[in-house]
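A.B. asks: Quick one: structure below, then a few questions.
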Amino acid sequence: MTTDNASETTASEIRLSILGMRCAGCVSAVEGALSAVPGVTAVSVNFADHSAQVKGNADPDNLKQAVKEVGFDAAIMEGFEDPVDQEQQELQRYRKLMNKAAVAAGFGVLLMLLEHFEWLPEIGSPTGQWFWPEVALITLAIMAYSGWHFYSGAYKSLMLRQANMDTLIALGTGSAWIYSCIVIDYYAVLPSLAKHAYFEAAVVILAFINLGNALETLARGKTSTAIRQLIGLQPRTARVVRNGEELDIAIEDVGLGETIRVRPGEKIPVDGVLIEGHSNVDESMLTGEPLPIEKVVGAEVVAGTMNQTGSFLFTATRIGRDTALAQIIKSVRQAQSSKPEIARLADKISSVFVPAVVLISVLTFLIWFVFGPEPSLGYAFVTSMTVLVIACPCALGLATPISVMVAVGRAAQSGILIRKGEALQSAGKLTCLILDKTGTVTEGKPTVSTIEALADYDEDTILKFAASIESGSEHPLAASVLAAAEQKQIKLEKVTQFAAVAGHGVTALINNQAVVFGNKALMDEQGIKFTRYNNKLEKLSALGQTPVLLAIDHKIVGVIAVSDPIKKDSASAVKALKDLGIRIIMVTGDNQITAHAIAKQAGIDEVRAQVLPQDKAAVVKALQQAGEIVGMVGDGINDAPALAQADVGFAIGTGTDVAIESADVVILQGSLLKVPEAIALSKATVINIKQNLIGAFFYNTISIPVAAGLLYPLFGVLLNPMIAGLAMALSSVTVVTNANRLRWAKLL
């Protein structure tokens, strides 16, 4: 990467990979360290994928140093990471943790079995005097191998006057080893019931925690499937045409304006426009649209999509980080890293959780030591150690980010680009949804829907005169009339004395005949009688069509009606939104008759017509002031103010229109049916996050008192520290597994 590019990155956003985070407390430490770096304006740390998004104008080396100073390692993540490399790294991390778990479990379980069958020498016996110190040394070596990352993390936190999950694990297992060594050295003076070593507990606890982390790593890897699939779409090479030769070069070396060849079965390397050839392109991974899209000369192609049939040449218009694919990946990552409002509660609790647990552990020790039965020291030690081990807040830290990651990835695979994590929470609360008409409810491409010939003319002649006179017009209706003539291969006539009448139509001479093509106002102005056709014109308008009159030599000879048909799934989308209990309002700048006609076809009951684009935001604001939680669906350009004003803005776009800054959600394939899907996903995600948070809170609320010995006075039951370690590990796995259910949640 060049220095210029690096500075450009520094000035906007840097993504860091953070190594060593193991709980919500770690997230707070990293966020605090990065926020304190000069030039940083915003920081978002994602515990679920161990990354950080840093915005501002900061030196990358200063960012890495800040992270290291609080006990973690950091690396700058540039461009597209190879998904194969990422999977290999995850697999290596999983295997490393499993090896640590296996070593600790092997020795711990062996000790437990030997003790169970009473095959171990008594600690104070002649054999025990040399045997148990050997066990202590072996245990210490295993603790160093299987738990060094916990102990080093706890030490670094202590130096920074902080506490995290590592603190609890280090205190719990370390005190078990130290207590056991004290038993060996002072065996003769201790009460008989306190003469028990907990070496097996120390290593088995580490085994369970490493096992839980390994399973969490495996499950967490599945949450990034969407990102890895998107990154995997980016080909590594491109075939460019230079000086008449076709060369295969690295994707990083492709420049703007390059001519690129794509053959059947190949992925398109960068964004561009077809200049030669014809093909069908599969854009399903980007847009969720299953059917291939036909591409002809002049059509746009998008990086990462798959060419299916023909070979073609195209000119590169966007490369590197500017491609649609790069923008999608960036937006998905930003959304996955952002924190919905519901996450703030967990953050606040996590920030004080570990110190509170240490305090509870100390109080538990004191209560058992002072008031507990003999051996009070043994009971005090076991209960305080169990509290430390079972209370690790991993599940609490994972509860929100893991659900957000899965949901945003699931949405991306369906052609729904969630740009802000807050939208996941807000979309499910919408009570009112405003729909723009053109391009949202309708196709946005006016077409000739009716040609009616009058007098002695036929339809083709009417279309020929209309297309000929419109060939010199820039009016939007002209394109649809010309397209209809081109489709029928009608040859146009020569036009002279062309004149456009603003807002009314056009006039000209064709074959020395005076031709007028326009609305009723133009006919009035030209003195042409048309009142006998008023009923016909009103019927066409009632159908949502815009009628245009054609007159030759001051006589009406035909009517051409142009309409913007509703999308094939608009009616079903409106029904789905109504089924979700959402009030639907269509807001458009079109006239009342046409607006109501389109609304009726789509099943929309409320219409606000003749609203200028700049006034749509005022409509949104008025509804919000009336107590509605408002969503806005528009094309993201002329509806930008309304999209920004809305509680949730949905931009209808294509695969290349993904950087609409005013929208919270971008519908890539342009289907309105994706809006109720996004809302349903929002509801499912919020429920999933609540399940995770309630589960994590419930686990800690119940487990800590039980670990402290609450059940002992009633039932004589104490929780084994090893069982506590297993329960703590499985709580994290449970949260991750529950979040992954969103990948298969039914949305509609």
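The values are calculated or read from the model by the stated rules, or taken from the named source; none is laboratory data. A quick note: this is a predicted structure, and the numbers were derived from the prediction, not measured. Because the Cβ atoms are built from the backbone with ideal geometry, glycine has one as well, and the counts that use them run over all protein chains shown. Side chains are part of the model used for accessible areas, which takes the heavy atoms of the whole protein and leaves out ligands, DNA and RNA. Shrake-Rupley method; radii C 1.70, N 1.55, O 1.52, S 1.80 Å.
A.B. asks: With the structure loaded, tell me whether Thr507 is modelled with pLDDT of 90 or more, in contact with a helix residue (DSSP H, G or I) (Cβ under 8 Å, 6 or more places away or on another chain) and not in a helix (DSSP H, G or I) or whether it fails that test.
C.D. replies: When the stated conditions are applied, Thr507 passes them.
A.B. asks: Quick one: how many residues across segment 407-421 are modelled with pLDDT of 75 or more, in contact with a Lys or Arg (Cβ under 8 Å, 6 or more places away or on another chain) and under 18 Å from Gln53 (Cα atoms)?
C.D. replies: The number of residues fulfilling the criteria is 1.
A.B. asks: Just to check your reading of the model, which residue among Leu247, Leu313, Leu274, Leu256 is in a strand (DSSP E or B) and open to solvent by 50 Å² or more (accessible area, probe 1.4 Å)?
C.D. replies: Just one listed residue meets the conditions, Leu247.
Rundown of residues vs (1) farther than 27 Å from Gly603 by Cα; (2) in contact (Cβ under 8 Å) with a residue 40 or more places away in the chain, yes/no style:
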position	(1), (2)
Thr438	no, yes
Glu443	no, yes
Thr447	no, yes
Glu470	yes, yes
Ser473	yes, no
Gln487	yes, no
Glu493	yes, no
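A.B. asks: Of everything in segment 442-486 that's more than 42 Å from the chain's Cα centre (by Cα) and polar (S, T, N, Q), which residue is farthest from Ser671 (Cα to Cα)?
C.D. replies: Applying the filter and picking the extreme gives Thr461.
A.B. asks: Looking at this structure, is Phe199 touching a Ser or Thr at 6+ places or on another chain (Cβ under 8 Å) and either over 20 Å from Leu114 (Cα atoms) or at pLDDT 75 or above (or both)?
C.D. replies: Criteria met by Phe199.
A.B. asks: Within segment 1-49, work out how many residues are assigned to a loop (DSSP other than H, G, I, E, B), open to solvent by 30 Å² or more (accessible area, probe 1.4 Å) and either of a type in the set (A, V, I, L, M) or at pLDDT 75 or above (or both).
C.D. replies: Selection size over segment 1-49: 4.
A.B. asks: Among residues belonging to segment 710-737 that are modelled with pLDDT of 75 or more and open to solvent by less than 30 Å² (accessible area, probe 1.4 Å), point out the one that is nearest to Val357 (Cα to Cα).
C.D. replies: Only one residue tops the list, namely Ser731.
A.B. asks: Here's something else I'd like to know. So how many residues does segment 412-425 have that are more than 24 Å from Glu628 (Cβ to Cβ) and open to solvent by less than 30 Å² (accessible area, probe 1.4 Å)?
C.D. replies: Number satisfying all stated conditions: 4.
A.B. asks: Separate question: Which number in (1) open to solvent by 10 Å² or more (accessible area, probe 1.4 Å); (2) aliphatic (A, V, I, L, M); (3) under 35 Å from the mean Cα position of the chain (by Cα) marks the one condition that Ala542 misses?
C.D. replies: (3)
A.B. asks: Given the condition out of contact with any Gly (no Cβ under 7 Å at 6 or more places or on another chain), closer than 30 Å to Ala33 by Cα and open to solvent by less than 30 Å² (accessible area, probe 1.4 Å), answer yes or no: does some residue in segment 154-165 qualify?
C.D. replies: yes
A.B. asks: Quick one: which helices (runs of 4 or more DSSP H) sit completely within segment 554-645 and have at least 1 residues that are within 30 Å of Ala455 (Cα to Cα)?
C.D. replies: Counting at least 1 such residues, we get 592-602.
A.B. asks: Checking Ala499 against (1) touching a residue at least 12 places away in the same chain (Cβ under 8 Å); (2) surrounded by fewer than 22 Cβ atoms within 10 Å (Cβ to Cβ), which single condition isn't satisfied?
C.D. replies: (1)
A.B. asks: Taking the condition of being free of Cβ contacts under 8 Å to residues at least 60 places away in the same chain and either farther than 23 Å from Ile510 by Cα or open to solvent by less than 40 Å² (accessible area, probe 1.4 Å) (or both), how many residues in segment 545-562 meet it?
C.D. replies: Result for segment 545-562: 2.
A.B. asks: Tell me which residues, restricted to segment 426-460, are outside any strand (DSSP E or B), more than 13 Å from Met632 (Cα to Cα) and open to solvent by 30 Å² or more (accessible area, probe 1.4 Å).
C.D. replies: Lys429, Thr438, Glu443, Gly444, Lys445, Pro446, Ala455, Asp456, Tyr457, Asp458, Glu459, Asp460
A.B. asks: Continuing with the same structure: Can you pull out the residues in segment 513-530 that are part of a strand (DSSP E or B) and under 16 Å from Leu477 (Cβ atoms)?
C.D. replies: Val515, Val516, Phe517, Gly518
A.B. asks: Any idea how many residues of segment 50-63 are in a helix (DSSP H, G or I) and either open to solvent by less than 10 Å² (accessible area, probe 1.4 Å) or within 29 Å of Val406 (Cβ to Cβ) (or both)?
C.D. replies: Final tally of qualifying residues: 1.
A.B. asks: Find the residue count for segment 738-748, including only residues that are open to solvent by less than 40 Å² (accessible area, probe 1.4 Å) and either touching a strand residue (DSSP E or B) at 6+ places or on another chain (Cβ under 6 Å) or assigned to a helix (DSSP H, G or I) (or both).
C.D. replies: 4
A.B. asks: Determine, yes or no, whether Lys536 is surrounded by 13 or more Cβ atoms within 10 Å (Cβ to Cβ), at pLDDT 90 or above and in a helix (DSSP H, G or I).
C.D. replies: no
A.B. asks: Oh, and also: With the condition kept exactly as written, say whether any residue in segment 121-128 is free of Cβ contacts under 8 Å to residues at least 24 places away in the same chain, touching a Ser or Thr at 6+ places or on another chain (Cβ under 7 Å) and more than 14 Å from Val70 (Cα to Cα).
C.D. replies: Yes: one or more hits.
A.B. asks: Given the criterion at pLDDT below 70 and in contact with a Gly (Cβ under 8 Å, 6 or more places away or on another chain), identify the matching residue among Thr173, Thr225.
C.D. replies: Thr225
A.B. asks: Which pairs do you get when a residue that is open to solvent by 10 Å² or more (accessible area, probe 1.4 Å), found in segment 563-590, comes within reach of a residue that is at pLDDT below 95 and assigned to a strand (DSSP E or B), reach meaning Cβ atoms under 6 angstrom, with the pair 6+ apart or on two chains?
C.D. replies: That search, which allows pairs on different chains as well, returns Ser563/Ser449; Ser563/Gln545; Asp564/Thr442; Ile566/Thr442.
A.B. asks: Please go through segment 591-617 and give me each residue that is open to solvent by 60 Å² or more (accessible area, probe 1.4 Å) and over 23 Å from Leu543 (Cα atoms), ordered by number.
C.D. replies: Gln614, Asp615
A.B. asks: Return the pairs, sorted by first residue and then second, in which the second residue is crowded, with 18+ Cβ neighbours inside 10 Å and aromatic (Phe, Trp, Tyr), the first residue lies in segment 614-633 and is touching a residue at least 60 places away in the same chain (Cβ under 8 Å) and closer than 20 Å to Leu577 by Cβ, the beta carbons are less than 6 Å apart, and the residues are 6+ apart or on different chains.
C.D. replies: Hits for this filter: Val633/Phe650.
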